[in-house]
1. So for the pair A:GLU159, A:ASP206, with labels modelled 7 Å out along Cα→Cβ, what separation do we get in nm?
2. Mind listing the phi-derived Karplus ³J(HN,Hα) values for the range A:96-108, rounded to whole Hz, using 6.51, -1.76 and 1.60 with θ = phi - 60°, and x for any glycine or proline?
3. For the range B:167-219, what class follows from the C-alpha gyration tensor (a ≥ b ≥ c being the square roots of its eigenvalues): rounded when a/c is under 1.5, otherwise prolate if a/b is larger than b/c, else oblate?
4. Expressed as a whole number of Å, what is the distance separating the alpha-carbon centroids of the range A:311-359 and the range B:143-219?
5. Name the lysines eligible as straight-distance cross-link partners of A:LYS89: C-alpha to C-alpha under 27 Å, and not fewer than 8 places from it in the same chain.
6. So which GluC sites (Glu not before Pro) in the range A:201-279 are both in a DSSP loop and have at most 13 other Cβ atoms within 10 Å of their Cβ?
7. Give me the aspartates and glutamates in straight-line cross-link reach of B:LYS69: C-alpha distance below 18 Å, same-chain residues under 8 apart excluded.
8. In whole Hz, what ³J(HN,Hα) sequence does the range A:216-231 give by Karplus (6.51, -1.76, 1.60; θ = phi - 60°), x for Gly and Pro?
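The values are calculated or read from the model by the stated rules, or taken from the named source; none is laboratory data. Bear in mind that the values here come from a model prediction, so they are computed numbers and not experimental data. We place every Cβ from the backbone using ideal geometry, glycine too, and count neighbours over all the protein chains shown. Areas reflect the complete protein model, heavy atoms only, side chains present, ligands, DNA and RNA absent. Shrake-Rupley method; radii C 1.70, N 1.55, O 1.52, S 1.80 Å.
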Amino acid sequence: MHIRAERDDLADVLSRAARAVGTRSPIDALQGVLCEVTGKRISVTGSDLEMTVRTSLDVEVKEEGTVLIPARLASEAVKKLPAGAVTMKTDDSEVEITGHGPSIRLRQLSVDDYPHIETGDGTPGSEIGGKELVDAINQVVIAASGDDARPMLTGVKVEPIEGGFRMAATDSYRLAVRDLLGTELPVGGLIPARGLKEIGRTVTDDKVRLSVGSRMATVSSERGSLTVRLIEATFPNYQQLLPDSYPNSLTVKKGDLLAAIDRASLVAEDHIPVRLEVGDGGATVSVTRQEVGGTSERVEGTFSGEPFQIAFNPRYLADGITAVDDDEIVLDAQDGHKAGILRGANTPGFTYLLMPVRI
Amino acid sequence: MRLVVAVCSVDYEGRLEAHLPMATRLIMVKADGCVAIHADGGAYKPLNWMNAPNTLIENEGEWEVTNPKGEKLTIRIEEKLSDQQVEMGIDPGLEKDGVETQLQVLLADRVELLEDGLTLIRREYPTAIGPVDLLCRDVRGDAMAVEIKRKAGIDGVEQLTRYREFLARDSRLGNVRGMLVGLSVSPQARLLAEDRDLMWREVDYDDLREREGRTLRLF
């Protein structure tokens, strides 16, 4: 294999594919990225078997071939070369990366040891705006759990709804639900949140194609493809947690509430709950921590219903407010003991359900 | 397990001779053949006992327990007040590390209690020498290996040191820090941890459980 490419372009395809290379793979070959050069292109694959990123780039091909090289080392090596054209050439058991003087030689890994990687099962994809998808993913993945002991909570449930599809994630304390209309998705699945978080950093483009098959989900674009193995677990039945209406509803400016929570968080670290006394004219946000002190401030807004008091984990509350893409936030609640809902006053489609803390 | 409450006297012949006068006692005959005589007090030792294997012969008003070593326990029963047989099944064993496991679960949900901005990568993160309790990421992007002990001593520091060494070999994890967490951390462990540039943190189990209880779940 022998190619010539611009340093930044080559570093980009190598580092994006390397993002799928795991940190704890039992197979040495999976520490590498597979570089396949045919025609006028180099195709780079990185995988930990659960997630696979494939990128490609038009390059000047002097000799076709396939090589497996250490993922992080190769992308860092290319980045450290002087700007401009670089060459990558195999030589017996090594690959030599050169550019304007410096030369870095890396030992190849055995291509024969690289496992067969499935990238999708042929399920046709649905086209969607890349930014729209990534923004929606960022809204819901905050609620996904990082605890592998409960695998069903580490994923984002993607499922078809009328006129589009829905994404939902929960760690059992909060639930984030986002509807994306205008893109039909024939079937759904439970997609690892870890994989979805990588879409923005690896393959997103103006337009992407999302396909969910029986075992895998793939997002692809002109920049490459990301495939993740679906989680084989049952996602909690969350629909029942979303009532049609609430008797109490507070509307406040997002910036005002977020700033109040931020100030309260100064005192509320270590999970001291932040209290909201909600009633006519807005809410009083307060925190009391015996050994430190407390904060209290008024956030003006409009309210309908019966006054109530509710307390939340400040981080979870701030996460939810931040995720709402609207200048005005609505907090819906039944009372201080049941889950509250955060949503945008003018932008339907996103719902953040948060359980209170007992006070 | 057979539990007999009876007014009885007991005579032991073997390595020595012992006599328990007539009184109300609990006779336990365990599934493996052990026989133990208990008084209504004391939590530790029976008054008399014979370890398995034993042969128990029940005669009218008198039990004879013998073993291959030539020991003999004679129980003369004046009145049987209760006789119960209970199937107890397989003993799962003493779970000495129950608190540590529970601590791991509670802390996995609240790693930010250990350090501001800490996020969980994985519980039971595998290394070549065994799983580290928690692997986290700090605000600067460094990895943090967390070893959890009920009572953290210098053994815990040694264990954490080994984990950190192995994790540091994985360049993709970046810089690896370490934190020893316990309900108590011994002074020696604190000193050794600090000497090795490891952090330590004491946590309050009851407080963690209370937080868990206060925070309501959706399901």
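1. Taking the two extended label points, one gets 3.5 nm.
2. 10, 10, 10, x, 6, x, x, 9, 10, 10, 10, 6, 6
3. Working: a/c = 5.30, a/b = 1.45, b/c = 3.67.
Because a/c hits 1.5 or more and a/b fails to exceed b/c, the range B:167-219 counts as oblate.
4. 33 Å
5. Within the straight-line limit of under 27 Å, A:LYS89 reaches these lysines: A:LYS40, A:LYS62, A:LYS79, A:LYS80.
6. Details: sites: A:GLU222, A:GLU232, A:GLU269, A:GLU277; in loops: A:GLU222, A:GLU232, A:GLU269.
Those that pass, being in a loop and sparsely packed, are A:GLU222, A:GLU232.
7. Within the straight-line limit of under 18 Å, B:LYS69 reaches these aspartates and glutamates: B:ASP11, B:GLU13, B:GLU17, B:ASP32.
8. The phi angles translate into 9, 10, 10, 10, 10, 7, 5, 8, x, 9, 10, 10, 10, 7, 5, 7 Hz.
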